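Please treat every number below as a calculation from the coordinates, not as lab data. Just so it is clear, the model here is predicted, and its values are computed rather than measured. Heads up, the Cβs are rebuilt from the backbone with ideal geometry, glycines too, and the neighbour counts pull from every protein chain shown.
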Amino acid sequence: MIDKIRATLHDALESPRGDAVLAVRVPKILARKLNRFLGDPLCSSSELDKRRAALSRLHATKDVVQTKLERMAAPVVVYFEKDRNQRLLDRVEDLLKSRSIAYRTLDVTGDEAALAFVMREAKCEEDDLPIVYVAGTPVGGLNELVDWDVSGKLAEAVWGPS
C-alpha cells in the first residue's frame with residue numbers, strides 16, 4: 001500500500017501535467033528538490049524493485065562466513081657494516097630467528113647516504129651498528145632489541161596488537 005502511494009506521488013511530481021501554471025510548477029520544483037535532498041523516498045515502482053533487490057543482495061553477503069585475515073609481519077631491516085661488530089650481528093640475527101621474525105640485512109659499507117640516514121634516525125654512532133628497524137621505526141642495537149623483546153614491544157611492532 002505504501003509502495004503504491006510512493007509511486008503515485010513520484011509520478012505526480014515528475015509528470016509535466018500542470019507545469020504551464022506557475023502556481024503548480026513552483027511547488028512541484030520545490031517538492032522535487034526536497035525529494036532528492038531526502039534521498040528520493042518518492043520513486044517509481046521499478047526503482048523500488050531495484051532497491052529491494054540490492055537490499056536482498058546486501059543481506060545475502062552479510063550471511064557469508066567471513067574468513068579470518070592472515071596477519072602480515074612488518075618489515076624488519078638490520079643495517080650493518082661488513083667486518084664490523086660481526087658478533088653483535090650474529091646475536092641480533094639469532095634473536096630474530098628464535099622469534100621466527102623474517103628480516104632483511106642491509107650492508108651500508110661505502111654507502112654514506114644510507115649510513116647517515118641510519119645514524120640520524122637511530123641517534124647512534126658508527127660503532128653502534130648493527131641497528132634494527134621495524135617498519136621504519138628504529139629499534140636500536142642489540143641491547144635495545146633485547147629490551148623490546150623482553151617487554152613484548154618487539155612482537156607487537158612486528159605482528160601488531162594481539
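Observations on the model:
- Computed E for Val24/Ala60 - FRET, C-beta separation, R0 45 angstrom, nearest 0.05: 0.55
- Cα-based helix-to-principal-axis angle, 86-98 vs the chain, degrees rounded to 10: 40
- Spherically averaged projected area of the convex hull of Cα atoms, the chain: 18.9 nm².
- Within straight-line cross-link reach of Lys4, lysines at Cα separation under 27 Å, skipping those fewer than 8 residues along the same chain: Lys28, Lys33, Lys50
- Helix 2-14 and the long axis of the chain differ in direction by around 80°, with both axes built from C-alpha atoms.
- Cα point-scatterer Debye curve for the stretch 76-159, base-10 log of I(q)/I(0) at q = 0.12, 0.19, 0.25 Å⁻¹: -0.30, -0.76, -1.31
- Only the Cβ atoms of Lys and Arg (+1) and of Asp and Glu (-1) were treated as charged; on that basis the dipole of the stretch 2-62 about its Cα centre amounts to roughly 200 debye.
- Angle in degrees between helix 112-122 and the longest Cα principal axis of the chain, rounded to the nearest 10: 80
- Among Ile29, Ile101, Ile131, the residue with the largest mean-square fluctuation in a Gaussian network model of the chain, with springs joining Cα atoms closer than 10 Å, is Ile29.
- Comparing Phe37, Phe117, Phe80 in a Gaussian network model of the chain where C-alpha atoms under 10 Å apart are linked, the largest mean-square fluctuation is found at Phe37.
- Volume in Å³ per residue [convex hull over Cα atoms, computed for the stretch 2-62]: 79
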